[in-house]
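Engineer: Right, I'll just put the structure down here and ask away after.
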Amino acid sequence: MLRMTHREVKWMLHQSLWKKKDTEVVVSVVPTQIRGNSFTIRHSDMRTLRPHQWLTGEIIECLFHIHAHKCELGTRIYILNHYSAGVILFGKREEVMKHTLSKIHFDSYGAIVSFVHVDGVHWTFLYINAEESTVYLADPARNSAEQAESDNAANKFSDYFKMRRTCCSKTDWVDIKWKRGVMKHPVQQDGNSCGVVVCMMAKEVMEVFPKTPTMAFGTTKKEMAHQRKVLAMEILTASVFDKEVNCAMCAGIKPPGSMPHHTHTDWIQCDSCFRWCHTQCLHMDQKSLEVGDWVCSLCDK
């Protein structure tokens, strides 16, 4: 497998992450803690890591999995999908019942980490420590209601685990008497860095788990700009994407919808970055293939 060198990663950051307009070219494929699953990170997703941009949930959740892997916590901390976390905290019962996660055995884990979307404009960090029977909902912004919100989150998850027992006979974590917790943490100093701060919170929690961290990272604009580059580097270096065998548009070896018995696939290679793409993913016909030199949208000036 050909993985990017440190020099190639730095080139990606300088040339395509910060300067190029959004494209849908795949720049990283990062495995999750669930074997066989991965995050496909596209150039447009990565560009949300630029200064003063609002991070997407895909980027934040991908970074959670990277941190868990680095800390060797894949079997100790469960990373709850942020959409499911939001439904559990804010959804109606009939919506929550669609997120029972019946295949997950929470008794196998010591904690849950996640994050939630608040009012469509803000991210908050969710941490559930089963060993302490404590639920934390930490707001990157200065928020006097953080205690009350953590208390509400503890009640919501207590109801959630009881609902799992009713719906799918899952008894894990049902008997825990959940209580709220409050962690002292830095606060964001601008309107765009909540996602970055959430990633930093998760990283600090994982590095000292099962202890409660003492968070002391900086949140000035300069520090956040630097941290965005660090996070981008982590996503690129964690990638298992092989540009020699994977399509830069769908990340697969075979085009989407291909039948197993189909052995022929048309490819085209970028003459600049040397990524390969399925012609089907580019909607290219035979006439388009006769143009001679060709560059992908990421390299097209």
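Engineer: (1) surrounded by 20 or more Cβ atoms within 10 Å (Cβ to Cβ); (2) farther than 24 Å from Val118 by Cβ: which one isn't true of Arg35, the others all being true?
Structural biologist: (1)
Engineer: Just to be sure I understand, how many residues within region 107-137 are farther than 19 Å from Asp175 by Cα and hydrophobic (A, V, I, L, M, F, W, C)? Write out each step before concluding.
Structural biologist: Going through region 107-137, the residues farther than 19 Å from Asp175 by Cα turn out to be 113-126, 137.
Filter once more, so that each one left must be hydrophobic (A, V, I, L, M, F, W, C): 113, 115-116, 118, 121, 123, 125-126, 137.
Total meeting the criteria: 9.
Engineer: In this structure, does Val198 turn out to be surrounded by 21 or more Cβ atoms within 10 Å (Cβ to Cβ) and assigned by TED's automatic domain parsing to the domain that holds Pro213?
Structural biologist: Details: surrounded by 21 or more Cβ atoms within 10 Å (Cβ to Cβ): yes; assigned by TED's automatic domain parsing to the domain that holds Pro213: yes.
Against the criterion (surrounded by 21 or more Cβ atoms within 10 Å (Cβ to Cβ) and assigned by TED's automatic domain parsing to the domain that holds Pro213), Val198 qualifies.
Engineer: Considering only residues that are in contact (Cβ under 8 Å) with a residue 60 or more places away in the chain and not in a helix (DSSP H, G or I), look in region 75-95 and name the one that is nearest to His117 (Cα to Cα).
Structural biologist: Applying the first criterion (in contact (Cβ under 8 Å) with a residue 60 or more places away in the chain) to region 75-95 yields 76-77, 88-89, 93.
Imposing the further condition that a residue be not in a helix (DSSP H, G or I) reduces the set to 76-77.
On the way: Arg76: 24, Ile77: 21 Å.
The qualifying residue nearest to His117 (Cα to Cα) is Ile77.
Engineer: A further question on this structure: Looking at region 128-137, is at least one residue surrounded by 14 or more Cβ atoms within 10 Å (Cβ to Cβ), among the aromatic types (Phe, Trp, Tyr), assigned by TED's automatic domain parsing to the domain that holds Val198 and without any contact (Cβ under 8 Å) to a residue 60 or more places away in the chain?
Structural biologist: Taking region 128-137 as the starting set, the residues that turn out to be surrounded by 14 or more Cβ atoms within 10 Å (Cβ to Cβ) are 128-130, 132-137.
From the residues that got through so far, the ones that are among the aromatic types (Phe, Trp, Tyr) too are 136.
Those left that are additionally assigned by TED's automatic domain parsing to the domain that holds Val198: 136.
Now restrict to residues that are without any contact (Cβ under 8 Å) to a residue 60 or more places away in the chain: 136.
Yes.
Engineer: Among the charged types (D, E, K, R), touching a helix residue (DSSP H, G or I) at 6+ places or on another chain (Cβ under 6 Å) and within 30 Å of Cys270 (Cβ to Cβ), is that true of Arg180?
Structural biologist: No.
Engineer: Now for a different question. Restricting to region 139-157, count the residues that are more than 18 Å from Thr219 (Cβ to Cβ), in contact with a helix residue (DSSP H, G or I) (Cβ under 8 Å, 6 or more places away or on another chain) and not in a helix (DSSP H, G or I).
Structural biologist: The number of residues fulfilling the criteria is 0.
Residues checked against (1) out of contact with any Cys (no Cβ under 9 Å at 6 or more places or on another chain); (2) at pLDDT below 95; (3) assigned by TED's automatic domain parsing to the domain that holds Gln53:
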| residue | (1), (2), (3) |
| --- | --- |
| His67 | no, no, yes |
| Ile79 | yes, no, yes |
| Gly110 | yes, no, yes |
| Gly120 | yes, yes, yes |
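Rundown of residues vs (1) out of contact with any Asp or Glu (no Cβ under 6 Å at 6 or more places or on another chain); (2) exposed (fewer than 13 other Cβ atoms within 10 Å of the Cβ); (3) in the same structural domain as Trp18 (by TED's automatic domain parsing), yes/no style:
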{"position": "Gln189", "(1), (2), (3)": "yes, no, yes"}
{"position": "Lys203", "(1), (2), (3)": "yes, no, yes"}
{"position": "Ala216", "(1), (2), (3)": "yes, yes, yes"}
{"position": "Met224", "(1), (2), (3)": "yes, no, yes"}
{"position": "Arg275", "(1), (2), (3)": "yes, no, no"}
{"position": "Gln280", "(1), (2), (3)": "yes, no, no"}
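Engineer: Testing Thr212 on (1) part of a loop (DSSP other than H, G, I, E, B); (2) touching a helix residue (DSSP H, G or I) at 6+ places or on another chain (Cβ under 7 Å); (3) in contact (Cβ under 8 Å) with a residue 60 or more places away in the chain; (4) of a type in the set (Ser, Thr, Tyr), one condition comes back false. Which one is that?
Structural biologist: Every condition holds for Thr212 apart from (2).
Engineer: Let me spell it out: the conditions are (1) in contact with a strand residue (DSSP E or B) (Cβ under 8 Å, 6 or more places away or on another chain); (2) at pLDDT 90 or above; (3) not acidic (Asp, Glu), and Leu231 meets all of them except one. Which number is the exception?
Structural biologist: Status for Leu231: all satisfied but (1).
Engineer: Run down Ile88, Ile104 and say which single residue is surrounded by 20 or more Cβ atoms within 10 Å (Cβ to Cβ), closer than 21 Å to Trp173 by Cβ and assigned by TED's automatic domain parsing to the domain that holds His67.
Structural biologist: Working: Ile104 fails: surrounded by 20 or more Cβ atoms within 10 Å (Cβ to Cβ).
Of Ile88, Ile104, the one residue that is surrounded by 20 or more Cβ atoms within 10 Å (Cβ to Cβ), closer than 21 Å to Trp173 by Cβ and assigned by TED's automatic domain parsing to the domain that holds His67 is Ile88.
The values are calculated or read from the model by the stated rules, or taken from the named source; none is laboratory data. Please read these numbers as outputs of a predicted model, since none were measured by experiment. Positions of Cβ are backbone-derived with ideal geometry, glycine not excepted, and every protein chain shown enters the neighbour counts.
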